[in-house]
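Report on the structure given below.
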């Protein structure tokens, strides 16, 4: 492991993702110099969690961090399979930890993110699965968040079509959350990949799901919201995709269904294109 990789692994252990300040410091100083500055208590104003970070740094062993990776992959922006699309984020991850087939990232230029409610209707589950299968049949990598509901339906749809899929997790890859999806995670890791910007044993907490949503948006050429409430993580992912100027698409549902209210709002506010089939998705992602 290079000095830069070791430093980035240390930063992953110290700093939560999506920090504009600390990302800026990496750009300014480089990962190795930044870790050295943290170890030397160079940040004295206490802002951006610097006091806590510097205190934590005193207890961290780089050797133990590397050991904690076990059989999992750790890649940084210098890796040949690092997705360039992540660099379009205001705060790209310091690195990514992956479980499974790392080469799934090799087809990232042809990808679609599918997200939605954790409590979908039967209609939403069917649409997510069929969309994912149809996109996988067209050799698209299907990206979602590994959660219950629409995420799981999208992953299963891709796998049913013998396609590749990536699950972007809100916690560590060793104890992927929720545990009820363990068999699904095992299936994904055969030809696809589980990825996270936290250490393998880090717990999945609510705020980390919101943080990881930007990665789902960045990894896909476009994002499809199948079902979502007016206020939900899926709407956050759609917003993140829009900020990256990626196509945002939404599936219409019954006007009486609360699980489609977020999709209808996106369409009505002209923040998403209405889609009803995979062909329409492809036309929006790859216009003639």
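Values in this text are rule-based calculations from the coordinates and carry no lab data. Owing to the predicted nature of the structure, the values given are computational and were not obtained by experimental measurement. All Cβ positions, even for glycine, are placed from backbone atoms using ideal geometry, and neighbour counts span all protein chains on display.
Computed values, structure above
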quantity: Answer label for Cα extents along the principal axes in Å (calculated), chosen among (i) 58, 38, 37; (ii) 105, 37, 34; (iii) 78, 54, 28; calculated: (i)
quantity: Packing-based order for 3-9, 18-24, using average beta carbon neighbours within 10 Å, highest first; calculated: 3-9, 18-24
quantity: FRET efficiency for residue 91 and residue 130, using Cβ-Cβ distance with R0 set to 35 Å, rounded to 0.05; calculated: 0.55
quantity: Footprinting exposure proxy for 245, 209, 94 (fewest neighbouring C-beta atoms within 10 Å first); calculated: 245, 209, 94
quantity: Helical mean residue ellipticity (222 nm; -39500 (n - 2.57) per DSSP H run of 4+; nearest 500) of the chain; calculated: -13000 deg cm²/dmol
quantity: Length released on extending from residue 16 to residue 206, taking residue separation times 0.36 nm less the Cα-Cα span; calculated: 67.1 nm
quantity: Sorted by Cβ density within 10 Å, fewest first, the residues 29, 82; calculated: 29, 82
quantity: Potential extension, residue 277-residue 60 segment - 0.36 nm per residue separation minus Cα distance; calculated: 73.2 nm
quantity: Which of 263, 277 has the fewest Cβ neighbours within 10 Å, and the rest in rising order; calculated: 277, 263
quantity: FRET efficiency, 1/(1 + (r/R0)^6) with R0 22 Å, evaluated for residue 107 and residue 71 via beta carbons; calculated: 0.45
quantity: Gained length - residue 245 relative to residue 84, 0.36 nm times residue gap less alpha-carbon distance; calculated: 56.5 nm
quantity: Antiparallel bridge percentage (DSSP; both residues within the chain; nearest 5); calculated: 30
